[in-house]
1. Within the stretch 24-42, is even one residue surrounded by 15 or more Cβ atoms within 10 Å (Cβ to Cβ), assigned to a strand (DSSP E or B) and in contact with a His (Cβ under 8 Å, 6 or more places away or on another chain)?
2. Please tell me if L303 is out of contact with any Pro (no Cβ under 7 Å at 6 or more places or on another chain), among the aliphatic types (A, V, I, L, M) and surrounded by fewer than 12 Cβ atoms within 10 Å (Cβ to Cβ).
3. What are the pairs with Cβ atoms under 7 angstrom where one residue, in the stretch 36-63, is over 23 Å from Q194 (Cβ atoms) and the other, located anywhere, is near the ligand (Cβ under 7 Å from one of its atoms)? Sequence gap at least six, or different chains.
4. Give L9, L45, L49 a once-over and let me know the one that is within 13 Å of the ligand (Cβ to nearest atom), assigned to a strand (DSSP E or B) and hydrophobic (A, V, I, L, M, F, W, C).
5. Output the residues belonging to the stretch 223-268 that are within 17 Å of N208 (Cβ to Cβ) and among the small types (G, A, S).
6. Please return the ranges of strands (runs of 3 or more DSSP E) entirely within the stretch 179-298 where 3 or more residues are in contact with a strand residue (DSSP E or B) (Cβ under 7 Å, 6 or more places away or on another chain), in contact (Cβ under 8 Å) with a residue 40 or more places away in the chain and within 30 Å of A117 (Cα to Cα).
7. Would you mind telling me which numbered condition in (1) within 26 Å of R146 (Cβ to Cβ); (2) hydroxyl-bearing (S, T, Y); (3) within 15 Å of the ligand (Cβ to nearest atom) T16 fails?
Amino acid sequence: MATLNVKKLNKSFGTTSVFRDINFTANEGEFVTLLGPSGCGKSTLLRCLAGLTPVDSGEIFLANKNIVHQPVQERGIGMVFQSYALFPNMTVEKNVAFGLKMQKLPATEIRRRVSEALEMVELNEFSNRYPHQLSGGQCQRVALARSLVTRPALLLLDEPLSALDARIRRHLRDQIRLIQKELNLTTIFVTHDQEEALTLSDRIVLMNKGNIVQNGGAEELYTQPADLFAAGFIGNYNLLTPEQATRLTGQVFSEHVAIRPETLSFCQSGQGLAARILSSSLLGNIIRYRVECQGIELSVDILNRSDDDLYAAGQHIGLLVDTAALRNVA
Ligand SMILES: Nc1ncnc2c1ncn2[C@@H]1O[C@H](COP(=O)(O)OP(=O)(O)OP(=O)(O)O)[C@@H](O)[C@H]1O
């Protein structure tokens, strides 16, 4: 296991800069997510870490060794991509064994390690199947076993769950996290899905347009977004202009203000601020209401408890704003 240290990494394609002066660390055993919208440069950054794409400048230290000029196969890195990239003409077992065969390990050792890796991803019974006889989730577990079997110092995961349906996705996500913890495997995970990032990661590196916007724990990113982009991307903040925030709270603001939907609540009409329900949608155990208050549209999240009243569109209601939960964002 190893610490990854990325220093001043730059990459352009022709005259187009993909990312600039990227610095971050993934400590030994840490699960770090590169999160950001499509096109922000996270996949290219991951490919550069793997050695699949050369960088223009900067350094990549893995266990204190600069690997930036090392070829892919010498970096000690395992990778899982969105597309499974399995060999279609090989059984599950042969797919997983491939890397070890290349390393010319003895056959008994290969068998033992392949069986161990397949057990980890709960696929031992499928060892003689071919990829076309597997579901998408199973294929991705083979891909994971194939990268774990070489005992990499660093595991890179590029949107490995995005082709899977929601239920399988959650299951495999939990499985990846369990295995990663068990092996204390330093892991970099790329996703544009903020919920996935918030639930999986020890730390999130939030990227926008080739820059790191914020680097911190899930809770920190959720409660203290670094800027407007971070507030808009993580969670579902209500973003208010300074003028709107002043109108709503009576306090003076010079910067934008972010208000989490769960920090707003309802009270009887005639108390709090006068508001009107516009619509509601059920999101599992919460109900998200859209309300209008002082000419401002807001989202309000209320826990869905069976003994509570539901509010109908058009209904007048009182709105309570927890001013301690307001965040200034530049
Ligand atoms: N081989 C390439 N040649 C030229 N431009 C490229 C190449 N690969 C990526 N890019 C560009 O670099 C930018 C970053 O792409 P990248 O795939 O790293 O983003 P991303 O954040 O991973 O997005 P996505 O989630 O959509 O994959 C994009 O504008 C993309 O068009």
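1. Yes, there is a match, as at least one residue in the stretch 24-42 is surrounded by 15 or more Cβ atoms within 10 Å (Cβ to Cβ), assigned to a strand (DSSP E or B) and in contact with a His (Cβ under 8 Å, 6 or more places away or on another chain).
2. Yes; evaluated as a whole, the condition is true for this residue.
3. Pairs that qualify, where the first residue is over 23 Å from Q194 (Cβ atoms) and the partner is near the ligand (Cβ under 7 Å from one of its atoms), are T53/T44.
4. L9
5. Once the filter is applied, which keeps residues that are within 17 Å of N208 (Cβ to Cβ) and among the small types (G, A, S), the stretch 223-268 yields A226, A230, A231, G232, G235, A258.
6. Once the strands (runs of 3 or more DSSP E) in the stretch 179-298 are filtered for at least 3 residues that are in contact with a strand residue (DSSP E or B) (Cβ under 7 Å, 6 or more places away or on another chain), in contact (Cβ under 8 Å) with a residue 40 or more places away in the chain and within 30 Å of A117 (Cα to Cα), what remains is 186-191, 203-208.
7. That leaves (1) as the condition not met.
Quick note: the coordinates plus some simple rules give every number you see, no bench work behind them. Every value quoted in this text rests on a predicted model; they were computed, and no experiment measured them. Here Cβ is always computed from backbone atoms with ideal geometry, including for glycine, and neighbour counts include all displayed protein chains.
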